[in-house]
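**Q** My questions will all concern the structure given below.
The values are calculated or read from the model by the stated rules, or taken from the named source; none is laboratory data. Keep in mind that what you see is a predicted model, and the values were worked out from it rather than measured. Cβ placement follows ideal geometry from the backbone for every residue including glycine, while neighbour counts extend to all protein chains displayed.
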Amino acid sequence: MSLAGVRFLPSCRLDVSAVPDECPSVAQVHIFSACDRAARLRGVDVTITCLAEDHPPTDPHTRRLAADIRTNDGSEASAASLALALQGFLGAEWTVIYEAAAPPTNPQLAPYYFADANATGAHLHVQPLRGTTYP
Ligand SMILES: [Zn+2]
């Protein structure tokens, strides 16, 4: 029996600072926990495609507050189900965005849509709400 869980692309980096921290940040632990719970609830792996790498210095990704999550290997209904699960597990202090070049047709996914013409593929982006910090 194969169990569902959270997976990472090999390119994922916890930290890209001059002196990298090999431990995840508090925000990253919340993200990993929510992804793992969503994977086990739905019985489908959740793949994190980007953590701190490949973003500008002040971006939430670089500041170890955000992650991108693969959705382009499933249907819009599956992406909506994952977005709902992640928002529920992360809570109201977090935001879940469906970044894609074109709006989804699925009405449950539509509230999460954020137009991103440069997105290499549709994906979910999660981060704490602006103004929310961890000590
Ligand atoms: Zn992102």
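**Q** Tally the residues that are surrounded by fewer than 17 Cβ atoms within 10 Å (Cβ to Cβ) and assigned to a helix (DSSP H, G or I), restricting the search to the stretch 3-30.
**A** Residues that pass the stated criteria total 2.
**Q** What number goes with the only condition from (1) assigned to a helix (DSSP H, G or I); (2) more than 15 Å from the ligand (Cβ to nearest atom); (3) in contact with a Gly (Cβ under 9 Å, 6 or more places away or on another chain) that Ser33 does not pass?
**A** Single failed check for Ser33: (3).
**Q** Would you please name the residue that is nearest to His30 (Cα to Cα), looking only at residues in the stretch 44-55 that are out of contact with any strand residue (DSSP E or B) (no Cβ under 7 Å at 6 or more places or on another chain) and modelled with pLDDT of 95 or more? Give the steps one after another, and end with the answer.
**A** Of the residues in the stretch 44-55, the ones out of contact with any strand residue (DSSP E or B) (no Cβ under 7 Å at 6 or more places or on another chain) are 44, 52-55.
Applying the additional criterion that residues be modelled with pLDDT of 95 or more yields 52-53.
Details: Ala52: 15, Glu53: 18 Å.
Among those that are out of contact with any strand residue (DSSP E or B) (no Cβ under 7 Å at 6 or more places or on another chain) and modelled with pLDDT of 95 or more, it is Ala52.
**Q** Report, by residue number, each residue of the stretch 89-106 that is more than 17 Å from Thr132 (Cβ to Cβ) and away from the ligand (no atom under 15 Å from the Cβ).
**A** Selection gives Ala102, Pro103, Pro104, Thr105, Asn106.
**Q** I would also like to ask the following. Would you call Ser11 more than 15 Å from Val96 (Cβ to Cβ) and in contact (Cβ under 8 Å) with a residue 40 or more places away in the chain?
**A** Details: more than 15 Å from Val96 (Cβ to Cβ): yes; in contact (Cβ under 8 Å) with a residue 40 or more places away in the chain: yes.
Judged against the criteria, Ser11 is a match.
**Q** Let me ask you something else. Suppose we filter the stretch 107-135 for residues that are away from the ligand (no atom under 11 Å from the Cβ), surrounded by fewer than 16 Cβ atoms within 10 Å (Cβ to Cβ) and of a type in the set (A, V, I, L, M, F, W, C); how many remain?
**A** The total comes to 4.
**Q** Suppose we filter the stretch 15-56 for residues that are small (Gly, Ala, Ser) and under 22 Å from Ser75 (Cβ atoms); how many remain?
**A** Filtering the stretch 15-56 down to residues small (Gly, Ala, Ser) leaves 17-18, 25, 27, 33-34, 38-39, 43, 52.
Keeping just the survivors that are under 22 Å from Ser75 (Cβ atoms) gives 34, 38-39, 43.
Residues that pass the stated criteria total 4.
**Q** Taking the stretch 48-77, which residues are crowded, with 20+ Cβ neighbours inside 10 Å and away from the ligand (no atom under 11 Å from the Cβ)?
**A** Arg64, Arg70, Thr71
**Q** Of everything in the stretch 103-128, what is farther than 19 Å from Phe32 by Cβ and in contact with a Phe, Trp or Tyr (Cβ under 9 Å, 6 or more places away or on another chain)? Give them in sequence order.
**A** Pro103, Pro104, Leu109, Ala110, Pro111, Tyr112, Tyr113, Phe114, Ala122 - these are the residues of the stretch 103-128 that are farther than 19 Å from Phe32 by Cβ and in contact with a Phe, Trp or Tyr (Cβ under 9 Å, 6 or more places away or on another chain).
**Q** Within the group Ala110, Ala67, Ala100, which residue is within 15 Å of the chain's Cα centre (by Cα) and modelled with pLDDT of 95 or more?
**A** On the way: Ala110 fails: within 15 Å of the chain's Cα centre (by Cα); Ala100 fails: modelled with pLDDT of 95 or more.
When all the criteria are applied, what remains is Ala67.
**Q** Which one of these does Met1 not meet: (1) within 12 Å of the ligand (Cβ to nearest atom); (2) out of contact with any His (no Cβ under 7 Å at 6 or more places or on another chain)?
**A** Going through (1) within 12 Å of the ligand (Cβ to nearest atom); (2) out of contact with any His (no Cβ under 7 Å at 6 or more places or on another chain) one by one, Met1 breaks only (1).
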